Amino acid sequence: MKILIVEDDERVSDALSAFLRQAGYTTVCAASGAAALEVLGSDTEAVLLDLGLPDMDGIDVCRRIRGFSGVPIIVATARSHVEERIKGLHAGADDFVVKPYDVRELVARIEAVTRRTRPLPVDSGEAAGLTVDGVYIDFRNRLVLADGGPVELTPKEFDIVAVLARYPGVVVPRDRIIREVWGTDWSGFNRSLEVHVGSIRRKLGRPSLIATLRGVGYRLAGA
Ligand code: CA
């Protein structure tokens, strides 16, 4: 798998590149936004994008890549920059890592975002279901089983679980969930989404199955 590392700090990109190669990936490095846009090819399977670049705002790089490519993008941001993370996700990034991050976490995120295909068909017949932490999500029959028994979810609750289950291990931004479940961009559904997620957690009896990323969205534990 070929990964494009967009990072202007050469020591960081060299170290990352060495680690990823050791993990079996092929890497290409770009030290600027312009270089990233130039070397990104159809054989690039994931992009790790540092948001602090010398020539362009990383968010713009993200948006420009999204303009012509569906390649999975993971943005790297500083811990304090929650706004940047949100902007990155809005600009089409699939996930983010917070600097300084453990490269093993990065590898896990790369694997999670590349596991799924894009674009993702709604109610896809491709995967019949998914099992996470003893919970089976049956997409075709819109059923959720926990420890072998059915969980009584409302249709909206099931829709939320199904959206998250299509991206296991990946943060799904709130507005994307709202768009897919309620069919609108209206952020007034934020509170409603929170209430539904709380109810899903109670019904599944597994509070940690769905993680909250405050201000960003939700993530279903990886399968
Ligand atoms: Ca940088």
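The values are calculated or read from the model by the stated rules, or taken from the named source; none is laboratory data. Keep in mind that what you see is a predicted model, and the values were worked out from it rather than measured. Reconstructed Cβ throughout: ideal geometry from the backbone, glycine too, with neighbour counts over all protein chains shown.
Would you list the strands (runs of 3 or more DSSP E) that sit entirely within segment 127-223 and hold 2 or more residues that are over 24 Å from H81 (Cα atoms)? Can you show your working first?
On the way: elements: 129-132, 135-138, 143-146, 171-173, 210-213, 217-220.
In segment 127-223, the matching strands (runs of 3 or more DSSP E) lie at 129-132, 135-138, 143-146.
For V6, indicate whether it is modelled with pLDDT of 95 or more, away from the ligand (no atom under 16 Å from the Cβ) and surrounded by 14 or more Cβ atoms within 10 Å (Cβ to Cβ).
Values: modelled with pLDDT of 95 or more: yes; away from the ligand (no atom under 16 Å from the Cβ): no; surrounded by 14 or more Cβ atoms within 10 Å (Cβ to Cβ): yes.
It is false that V6 is modelled with pLDDT of 95 or more, away from the ligand (no atom under 16 Å from the Cβ) and surrounded by 14 or more Cβ atoms within 10 Å (Cβ to Cβ).
How about segment 11-44: which of its residues are of a type in the set (G, A, S) and assigned to a loop (DSSP other than H, G, I, E, B)? Break it down into steps so the answer makes sense when it comes.
Within segment 11-44, the subset of a type in the set (G, A, S) is 13, 15, 17-18, 23-24, 30-36, 41-42.
Those that are of a type in the set (G, A, S) and assigned to a loop (DSSP other than H, G, I, E, B): A23, G24, A31, S32, G41, S42.
So S80 passes all but one of these: (1) out of contact with any helix residue (DSSP H, G or I) (no Cβ under 9 Å at 6 or more places or on another chain); (2) at pLDDT 85 or above. Which condition number does it fail?
Of the numbered conditions (1) out of contact with any helix residue (DSSP H, G or I) (no Cβ under 9 Å at 6 or more places or on another chain); (2) at pLDDT 85 or above, the odd one out for S80 is (2).
Quick one: count up the residues across segment 58-80 that are out of contact with any Gly (no Cβ under 8 Å at 6 or more places or on another chain) and within 12 Å of the ligand (Cβ to nearest atom).
1
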